[in-house]
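The values are calculated or read from the model by the stated rules, or taken from the named source; none is laboratory data. Computed from a prediction, not measured in an experiment: that's the story for all the values here. So basically every Cβ, Gly included, is an ideal-geometry build from the backbone, and we count neighbours across all protein chains shown. When the accessible area is computed, the model is the full protein with side chains, heavy atoms only, and any ligands, DNA or RNA have been set aside. Shrake-Rupley method; radii C 1.70, N 1.55, O 1.52, S 1.80 Å.
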There are 2 protein chains.
Amino acid sequence: MPVGTKGTVKGLTPGDLRNVGAGIVLGNTYHLYLRPGADLVREAGGLHGFMGWDGPILTDSGGYQVFSLAETRHISEEGVEFASVYDGSRHVFTPELTTRVQEELGSDVAMVLDECPPANADRTYHEDSLRRTARWAARCKAAHEKEDQALFGIVQGGLYPDLREQSLGLTVEIGFDGYAVGGLSVGESREEMLETLALTAPMLPAEKPRYFMGIGDPAGILQVVALGVDMFDCVLPTRLARHGAALTPDGRLNLKNARFRNDFGPLDPECSCEACTVYSRAYLAHLVRENELLGHRLLTLHNVRFSVDLCRQARREIEAGRFGAWSRAWISRYQGGGG
Amino acid sequence: MPVGTKGTVKGLTPGDLRNVGAGIVLGNTYHLYLRPGADLVREAGGLHGFMGWDGPILTDSGGYQVFSLAETRHISEEGVEFASVYDGSRHVFTPELTTRVQEELGSDVAMVLDECPPANADRTYHEDSLRRTARWAARCKAAHEKEDQALFGIVQGGLYPDLREQSLGLTVEIGFDGYAVGGLSVGESREEMLETLALTAPMLPAEKPRYFMGIGDPAGILQVVALGVDMFDCVLPTRLARHGAALTPDGRLNLKNARFRNDFGPLDPECSCEACTVYSRAYLAHLVRENELLGHRLLTLHNVRFSVDLCRQARREIEAGRFGAWSRAWISRYQGGGG
């Protein structure tokens with residue numbers, strides 16, 4: 001899921017998203033609640049109408065953004081009080097409020113409000129937190145009224161296998177349309193992340209979508225898909241683009257590198273997106289160096305297309321029963337190349 | 001002519017330019033000479049190949065940019081020495097060099113190197129300058145070898161009618177494929193500009209294109225067209241877009257204005273561009289407030305389309321013999337509206 005933080009995937013139109021094959025986009029409740037406001041988005045016909053995208057939209061609950069700002073937030077059983085990044089104004093997110101806000105935004109998939117504990121939290125903190133998260137999840141489900149909107153629960157529990165199991169049990173017991181694994185990709189090593197996910201994912205109901213929150217690098221996507229994950233969101237493709245980097249099967253290319261200055265070949269010879277078929281690496285490198293809007297746009301277009309294509313191919317390989325071997329070869333090539 | 005300073009019209013692809021109906025774009029020799037360098041652009045197949053635009057391109061000589069930087073440049077009969085805005089390195093533009101550079105860029109129309117005198121220059125300065133500009137123009141013509149590239153001369157002379165006539169006579173005597181009126185839109189009043197143009201334009205050869213350098217506001221375009229001008233370049237539509245302003249038949253709209261926050265109507269109901277047909281003013285205002293790339297892109301798309309459409313309509317009105325009345329009504333509506 002490409003990330004459209006503020007109701008737009010950086011530099012891309014809904015038409016661009018359709019052209020690169022994106023099947024769903026993610027919107028950030030935290031940002032949209034603060035600006036332009038959920039009431040205004042509802043008046044505009046929901047996020048679909050507001051941003052002109054008629055495909056599926058998943059909204060997060062805003063919890064992740066709130067909990068990232070550790071200094072200015074205060075957690076209670078009721079919810080979490082925080083300061084706006086825009087103007088410092090104080091707000092309270094409760095399970096009921098974030099559910100209502102997501103109903104106003106009109107997304108197709110809403111997420112429960114969960115706590116994503118700080119990276120340095122100890123076992124006791126995690127245990128208390130996952131139980132509160134489960135109580136909040138039950139309140140979200142009770143508050144949820146929009147019938148054409150799915151609601152997903154979120155499993156927490158840090159890196160503790162038994163706490164993950166406990167959180168998963170409590171969440172599945174409430175019952176949701178899909179389940180997310182949260183609280184990973186928050187500073188732990190890749191090995192710790194994959195180990196924890198490897199323990200958690202198989203216990204999730206097989207018939208419901210499994211969403212891993214916060215992975216976007218191509219190798220990471222294939223690694224979590226191997227563990228049974230169906231959905232993931234990633235700012236990485238769009239963020240890399242703004243920093244002048246492109247994803248290719250041979251690794252990440254930094255277009256600020258001097259060797260691209262007079263490289264008249266295509267960005268990624270195996271890609272058929274506009275950036276790769278109309279322009280040369282030399283032109284894209286020029287746009288990146290000059291910080292031109294068109295450079296951001298074309299690299300974003302390519303990186304999102306690349307990620308969507310990767311997922312599409314992974315799906316084909318799974319269906320053909322070849323995913324394991326294909327994925328190992330793909331990662332090996334990706335990690336061997338680059339520049 | 002939308003301006004593609006550094007080989008890109010801010011945020012728009014060549015496909016976008018074709019879609020909005022742009023028939024020609026302008027490239028800046030000064031910037032492209034310094035970055036990425038004319039040799040590199042030549043290697044990429046000229047500016048057409050480099051930027052992926054197969055329509056006509058006009059390049060300026062770079063003189064205007066050099067002469068804008070009064071503190072760091074030194075003029076001699078040979079040419080003008082200046083410092084790069086990028087790294088302070090010293091360069092010399094001679095008529096021969098700017099002609100060769102434009103041949104390397106491969107534009108369809110090249111301009112002679114002229115001096116655009118400072119706004120506070122006196123009559124003596126203008127007289128000396130216009131004669132040197134004519135000598136430089138002759139050297140440009142002598143150096144010009146590319147047969148499929150037109151070369152335009154430039155008339156100077158400040159606000160002095162007799163000096164304009166003198167400059168025009170010297171330039172036409174050399175003989176060019178088209179003629180530009182330079183040295184206006186540099187700080188004088190709109191009345192002074194139009195008076196001087198009204199004296200100069202009718203003396204230009206009727207069978208050659210007349211190019212007025214540096215007008216881009218809609219009313220100004222119609223005013224110079226009324227005086228017989230055929231071509232003009234304008235950063236205004238793209239610059240306004242980056243500042244959150246949109247051109248409409250009822251004047252300029254500043255989308256940061258609070259009243260657009262919940263205005264769900266189209267940007268310009270009479271326009272059929274993507275910005276006006278897919279999105280609301282409220283959404284565009286949100287993008288502008290959040291400084292989102294997509295906001296810059298959509299407003300640029302609209303403003304360029306608006307300007308191109310205006311010129312196309314002006315052409316139809318001229319052909320139908322109704323230009324005068326139509327133009328007066330158009331300007332009156334434009335100047336009466338806005339926000």
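To the nearest 0.05, how large is the calculated FRET efficiency for A:ARG261 and B:ASN291 if R₀ is 22 Å and r is the Cβ-Cβ distance? FRET efficiency, A:ARG261 to B:ASN291: 0.15.
Per-residue mean of foreign Cβ neighbours for A:3-10 is 4 (Cβ atoms of other chains, 10 Å radius). Between the listed residues B:GLY265, B:SER189, B:GLY216, the Cα displaced farthest toward the positive end of the dipole of the protein assembly as shown, a dipole computed from Cβ unit charges relative to the Cα centre, is found at B:GLY265. Within chain B, the cysteines lacking any other cysteine Cβ closer than 4.7 Å to their own Cβ are B:CYS116, B:CYS140, B:CYS234, B:CYS273, B:CYS311. Largest first, the residues B:HIS243, A:HIS144, B:HIS286 sort by 1.4 Å accessible area into B:HIS243, A:HIS144, B:HIS286. Phi angles of the range B:236-246 translate, via the Karplus equation with coefficients 6.51, -1.76, 1.60 and θ = phi - 60°, into HN-Hα couplings of 3, x, 6, 5, 4, 4, 5, 9, x, 10, 10 Hz per residue; Gly and Pro are given as x.
Chain A and chain B together bury an accessible surface of about 3200 square angstrom, both sides counted, with a 1.4 Å probe and no ligands or nucleic acids included. Remark on A:VAL155: its backbone amide H falls under 5 Å from those of A:ALA180, A:VAL181, A:GLY182, a criterion applied only to residues 5 or more positions apart or on other chains, H modelled at 1.01 Å from N. With label points defined 7 Å past Cα in the direction of Cβ, position A:ALA83 shows copy-to-copy spacings of 4.2 nm, given to one decimal and shortest first.
Taking amide hydrogens as placed 1.01 Å from N in the peptide plane, the amide H of A:THR248 sits under 5 Å from those of A:LEU253, each at least 5 positions away in sequence or on another chain.
Charge dipole (Cα centre; +1 on Lys/Arg Cβ, -1 on Asp/Glu Cβ; no other charges) of chain B amounts to roughly 1180 debye. Nearest 500 deg cm²/dmol is fine: what mean residue ellipticity at 222 nm does chain A get from its DSSP H runs of n ≥ 4 alone, each adding -39,500 (n - 2.57), divided by its residue count? For chain A, the value works out to -14000 deg cm²/dmol.
Toward the positive end of the charge dipole of the protein assembly as shown, with +1 on the Cβ of Lys and Arg and -1 on the Cβ of Asp and Glu, the farthest Cα among A:VAL85, B:LEU170, A:GLY21 is that of A:GLY21. Relative to the compact-globule estimate of 2.2 N^0.38 Å, the Cα radius of gyration of the range B:1-150 comes out at 1.06. Any chance you could check the Cα centroid distance between the range A:262-339 and the range A:1-35 for me, in angstrom? Each part reduced to its Cα centre gives a spacing of 20 Å. Residues in the range B:104-111 carry Karplus couplings, in order, of 5, 5, x, 5, 7, 10, 10, 10 Hz; the curve used is 6.51 cos²θ - 1.76 cosθ + 1.60 with θ = phi - 60°, and Gly or Pro positions show x. With the cut-off at 1.5 for a/c, could you classify the range A:57-139 from its C-alpha gyration tensor as rounded, prolate or oblate? Oblate, because a/c is 1.5 or more while a/b does not exceed b/c. Between A:GLN313 and A:ALA198, the contour length at 0.36 nm per residue exceeds the alpha carbon distance by 39.2 nm. In this structure the amide hydrogen of B:CYS234, modeled in the peptide plane, comes within under 5 Å of the amide hydrogens of B:VAL3, none closer than 5 places in sequence on its chain.
With q set to 0.11 Å⁻¹, the log10 of I(q)/I(0) for the protein assembly as shown, from the Debye formula over equal scatterers at the Cα positions, is -1.09. Of A:TYR30, B:ALA325, B:ALA143, whose Cα points farthest to the positive end of the dipole of the protein assembly as shown (charges on the beta-carbon: +1 Lys, Arg; -1 Asp, Glu; origin at the Cα centre)? After comparing all options, I get B:ALA325. Provide the net charge surrounding A:ARG73, with neighbours chosen by a C-beta distance below 15 Å and charges set as Lys +1, Arg +1, Asp -1, Glu -1. Neighbourhood net charge equals -4.
For a straight C-alpha distance cut-off of 17 angstrom, the aspartates and glutamates reachable from A:LYS141 (same-chain residues fewer than eight places away being disregarded) are A:ASP60, A:GLU77, A:GLU78, A:GLU96, A:GLU103, A:GLU104, A:ASP108, A:ASP114, A:GLU115, A:GLU173, A:ASP177.
For the pair B:GLU270 and B:TYR125, what calculated FRET efficiency results from E = 1/(1 + (r/R0)^6), where r is the Cβ-Cβ distance and R0 = 35 Å, to the nearest 0.05?
The computed FRET efficiency comes out at 0.15.
The 1.4 Å probe gives accessible areas that order A:LYS256, B:LYS10, largest first, as A:LYS256, B:LYS10.
Axis of helix A:323-336 versus longest Cα principal axis of chain A: the two differ by about 60°, to the nearest ten degrees.
The region of chain A that goes longest without hitting one of the GluC sites (Glu not before Pro) in a DSSP loop, each with at most 16 other Cβ atoms within 10 Å, is A:1-76.
Please list, by residue number, everything in the range A:200-221 whose backbone N is under 14 Å from a paramagnetic label point 7 Å out along Cα→Cβ of A:ILE331. Label zone hits: A:216-221. Counting only heavy atoms of the protein chains and using a 1.4 Å probe, A:TRP136 has close to 0 Å² of accessible surface. Measuring against 29 Å, Cα to Cα, the residue pairs A:LYS146/B:LYS256; A:LYS256/B:LYS146; A:LYS6/A:LYS146 contain A:LYS146/B:LYS256; A:LYS256/B:LYS146 as the ones spanning a longer distance. What separates the B:GLY23 label point from its copies, with the point 7 Å along Cα to Cβ, is 4.7 nm, written shortest first.
With charges only on Cβ, +1 for K and R and -1 for D and E, what is the dipole size of the protein assembly as shown about its Cα centre, in debye, rounded to 20?
The dipole magnitude comes to about 100 debye.
A DSSP coil position with no more than 16 other Cβ atoms inside 10 Å describes the following chymotrypsin sites (Phe, Trp or Tyr not before Pro) in the range A:230-273: A:PHE264. If only the Cβ of Lys and Arg carry +1 and only the Cβ of Asp and Glu carry -1, the dipole of the range B:78-163 around its Cα centre is close to 200 debye.
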